[in-house]
1. Suppose R0 equals 22 Å; then what is the FRET efficiency for Asp30 and Asn141 from their Cβ-Cβ distance, rounded to the nearest 0.05?
2. Could you give the angle, 0 to 90 degrees to the nearest 10, between helix 57-68's Cα long axis and the longest principal axis of the Cα atoms of the chain?
3. Could you work out how far helix 164-177 tilts from the main Cα principal axis of the chain, as a 0 to 90 degree angle to the nearest 10?
4. Can you list the trypsin sites (Lys or Arg not before Pro) in the stretch 133-234 that are in a DSSP coil and have 13 or fewer other beta carbons within 10 angstrom?
5. For the chain, find the longest principal axis of its Cα atoms and tell me its angle to the long axis of helix 4-15, 0 to 90°, nearest 10.
6. Where the eigenvalues come from the Cα gyration tensor of the chain, what are the semi-axes √(5λ) of the equivalent ellipsoid, largest first, in whole Å?
7. Taking N as the number of residues in the stretch 1-94, what is its alpha-carbon radius of gyration divided by 2.2 N^0.38 Å?
8. If each DSSP helix of 4+ residues adds -39,500 (n - 2.57) and the sum is divided by the residues in the chain, what number results at 222 nm, nearest 500 deg cm²/dmol?
Amino acid sequence: MNSAFAADFLAFVRGHASSTPQGQSHSETDHLEYHIPVPTMRAYVADWLAAHEPLSQAEWLHTLDTLYNGESLEERSAAGMLLKHHKTYRQQLPLDHLEGWLAQLHGWKEVDATCQTVFTPAEMYKRWSEWEAFLRRLAANPNLNMQRASLVLLVDVVRSSDDARGMALGVELMEALQDERDKRVSKAVSWLLREAVKRHRAVVEQYLTTHHAHLPAPTVKEVQTKLATGKKRV
């Protein structure tokens, strides 16, 4: 099986590694980090794909398996970009295969590269019964990175769709995770609530009224500010 993309990408990040982080890093990864700016990585992925397409589905899966099992944060971030580029293959992806990839992620930056705005609301609602069970399973996993993934995967769903099913599941998962104080989870709860304000405002207000005593003070403040001003902070 051809792993040209994975090999080329690893050579690229090693050749562009920075000894100084690009800004302050709070990614919390336990993997090697080359500190490549995301726009630089994104441009490389787009250029490589333009020069080497089409990838077969088998090549795509093999490449992603290689990247998710690589040595660095950047390889896992590139995997998220590759997921976003191939809609047809992504829509056919078995969720247990995705779960295996998520198990290789550590820290908010790696999780978000795969989970933030990669899978669209339309894709998820087309297979909603599968996604619903899958997200519940992630939230119940003792791995905090999987717990974060369960919430971040719903951020674009509640932000971009009026469908009540996504918000109802979000409430269920937040209730299950709201006592977790690790920032990977508590900040994801805040993010999900804030992004839901535009389309699901009444549900957010009710959630905050019912659960504010269980939520970290910064989460309550951020959501209240979003409700009042439309911003996270003022």
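1. Numbers: r = 17 Å, r/R0 = 0.78.
Here the calculated transfer efficiency is 0.80.
2. 70 degrees
3. 90 degrees
4. Working: sites: Arg136, Arg137, Arg148, Arg159, Arg165, Arg181, Lys183, Arg184, Lys187, Arg194, Lys198, Arg199, Arg201, Lys221, Lys226, Lys231, Lys232, Arg233; in loops: Arg181, Lys231, Lys232, Arg233.
Listed in order of number, the matching sites are Arg181, Lys231, Lys232, Arg233.
5. For helix 4-15, the angle is close to 80 degrees.
6. Details: eigenvalues 202, 82, 47 Å².
Here the semi-axes work out to 32, 20, 15 Å.
7. Values: Rg = 13.3 Å, N = 94, 2.2 N^0.38 = 12.4 Å.
Against the compact-globule rule of thumb, the ratio is 1.07.
8. -22000 deg cm²/dmol
Any read-out appearing in this document is the output of simple, stated calculations on the displayed coordinates, not a laboratory observation. For clarity, every value in this text was computed on a predicted model and none was experimentally measured. Please note: Cβ atoms are built from the backbone with ideal geometry, for glycine as well, and neighbour counts cover all protein chains shown.
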